[in-house]
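Below: the structure, in structure tokens.
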Amino acid sequence: MDNEPDKTSAHSHSHHDHSHLDDTALRVRSLQSLLIDKGYIQQETLNTLIDTYENKVGPRNGAAVIARAWVDSSYKKWLLEDATAAIAALDFTGRQGEHMVAVENTPTVHNIVVCTLCSCYPWPVLGLPPSWYKSAPYRSRVVIDPNSVLADFGVTLPEGRSITVWDSTAEVRYLVVPERPANSEHLSESELASLVTRDSMIGTGFAKPVSSLT
Amino acid sequence: MNGVHDMGGLECFGPVRPEPDEMFHEPWEKEVLGLALAMGATGTWNLDQSRFARESLPPEQYLSIGYYRIWLAGLEKLLLEHELVTPQELASAQIQEPPVTLKRVLAANEVTDVLNAGASVERQVPNQPAFSTGELVTVNNIHSSTHTRLPAYIRNHTGVIQRVHGAHVFPDTHAVGEGEQPQWLYNVRFSAAELWGHDRATHGTGEGAVHVDCWESYLSRADITP
């Protein structure tokens, strides 16, 4: 079944020709001008919305949360008990992150987050979801065969770890706290944050090793 | 609704294709995001209605047109359903009917505050939660004909209440204009073997699990051990 196209990802349009893409661009442009002419939306508002998610909100927010948890055990405890408040304390709040839960990876448990029904994702800490997170292959298979999904990411779990998958079916959003890299005791909080990848906070990857800094 | 969006457990879609931190593949995709968020902010419909509009697209469209085309189609559908535009206006991009008065029109200088504030769905309810942490529950055999957040793969399965989240707006009624009707929301832990059978439960080493957030009416007290 591996030759089936990735049907809901944005990469799946090789069968569409360019006129189809142009049609969509035209349709979007027409809709936008209609809604502006109707007075329902304002151009400047659209620009600000897009700029927010394209340039301001993204996984560096989540990385700051994780690095703080790694260096401050009382913050980590707070994060695991009341992630919404602990994350808000670092000024990351808002749409699609109103109710946060943080789940910790350990030497025995590896956590992975999905939304099988649509594309729920913690926007204030991770920004907009990547295409694969919203795609049918990920949404369908990660709950039944997470080992094979991790293999698609080139990830092999060390022995002795069971996988817990979190399906975001409500307005609760999940953030994975990856394991702190080995031999990172000497690093600053900002250096640690630079080791935290988006995928490590979804559970489809690990934090980068300390050697990646050099 | 038993639809193709409810895809947890299917395996026919091929490999996951990881990619670098790239959010948009076409310039119009970000425009669709902006339009959907700006129209959502008018308060004409709620998030559950948006989800229902997207997931009830024809299945062949849902599976083939790509994420932001699904958003675009869902937005057009909501605009028509709420009579904010007419089909002729959509087709021509020319105004033919006077605009409808909206609850609000989001201004650029309000965007940051509105996004940062978000919209909590937690509500106070008079009753206590029916289930407590550690209790065994079985998912009811509900086949909603409209919007639901009960994924098919947990129906009839038994799990353990892991966490009581609080009382949250109930999407099944909220999506169809029947109000918020908040209910207690629980995180329920299902063992991988319970959901998929021992042969297929390959969730790392040892016993893996899938956790799903479930509203109270999705659940009954279990009378068996999972």
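Which of the residues that make up the stretch A:34-81 are in a loop (DSSP other than H, G, I, E, B) and within 12 Å of chain B (Cβ to nearest Cβ)? The answer is A:LYS38, A:GLY39, A:TYR40, A:ILE41, A:GLN42, A:VAL57, A:GLY58. Quick one: which residue in B:GLY3, B:GLY8 is in contact with a helix residue (DSSP H, G or I) (Cβ under 6 Å, 6 or more places away or on another chain), buried (at least 20 other Cβ atoms within 10 Å of the Cβ) and outside the structural domain of B:THR112 (by TED's automatic domain parsing)? Selected residue: B:GLY8, the only one of B:GLY3, B:GLY8 that is in contact with a helix residue (DSSP H, G or I) (Cβ under 6 Å, 6 or more places away or on another chain), buried (at least 20 other Cβ atoms within 10 Å of the Cβ) and outside the structural domain of B:THR112 (by TED's automatic domain parsing).
A residue that is at pLDDT 95 or above, over 21 Å from A:THR116 (Cβ atoms) and not polar (S, T, N, Q) cannot be found anywhere in the stretch B:201-213.
Against the list (1) without any contact (Cβ under 8 Å) to a residue 24 or more places away in the chain; (2) more than 8 Å from chain A (Cβ to nearest Cβ); (3) closer than 14 Å to A:TRP166 by Cα, the condition B:HIS203 fails is (2). For the stretch B:57-166, no helices (runs of 4 or more DSSP H) sit wholly inside it while including 3 or more residues that are more than 7 Å from every other protein chain (Cβ to nearest Cβ), touching a His at 6+ places or on another chain (Cβ under 9 Å) and within 21 Å of A:ASP167 (Cα to Cα).
Take the conditions in contact with a helix residue (DSSP H, G or I) (Cβ under 7 Å, 6 or more places away or on another chain), at pLDDT 95 or above, on the phi < 0 side of the Ramachandran plot and not polar (S, T, N, Q) and apply them to B:PRO226. Does it pass? Judged against the criteria, B:PRO226 is not a match.
Of the numbered criteria (1) more than 8 Å from chain B (Cβ to nearest Cβ); (2) at pLDDT below 95, the one A:TYR174 fails is (2). In the condition set (1) farther than 18 Å from B:PRO171 by Cα; (2) assigned to a helix (DSSP H, G or I); (3) touching a residue at least 40 places away in the same chain (Cβ under 8 Å), B:THR42 is compliant with all but (2). If you go through the stretch A:148-161 one residue at a time, do you hit one that is touching a residue at least 60 places away in the same chain (Cβ under 8 Å), part of a loop (DSSP other than H, G, I, E, B) and within 9 Å of chain B (Cβ to nearest Cβ)? Checked against the condition, which is being touching a residue at least 60 places away in the same chain (Cβ under 8 Å), part of a loop (DSSP other than H, G, I, E, B) and within 9 Å of chain B (Cβ to nearest Cβ), the stretch A:148-161 yields no hits at all.
Please tell me if B:HIS25 is closer than 30 Å to B:TYR153 by Cα and either in a loop (DSSP other than H, G, I, E, B) or within 7 Å of another protein chain (Cβ to nearest Cβ) (or both). So B:HIS25 fails the test. With respect to being assigned to a loop (DSSP other than H, G, I, E, B), touching a strand residue (DSSP E or B) at 6+ places or on another chain (Cβ under 7 Å) and modelled with pLDDT of 95 or more, B:GLY8 fits the description. Quick one: in the stretch A:93-110, which of the residues that are hydrophobic (A, V, I, L, M, F, W, C) and more than 9 Å from chain B (Cβ to nearest Cβ) is nearest to A:ALA67 (Cα to Cα)? Top of the filtered list is A:ALA102.
Picking from residues in the stretch A:113-129 that are more than 8 Å from chain B (Cβ to nearest Cβ) and assigned to a loop (DSSP other than H, G, I, E, B), the one that is farthest from A:ARG173 (Cα to Cα) is A:PRO129.
The values are calculated or read from the model by the stated rules, or taken from the named source; none is laboratory data. Every value quoted in this text rests on a predicted model; they were computed, and no experiment measured them. For neighbour counting, all protein chains shown are included, and Cβ atoms are generated from backbone atoms with ideal geometry for every residue, glycine included.
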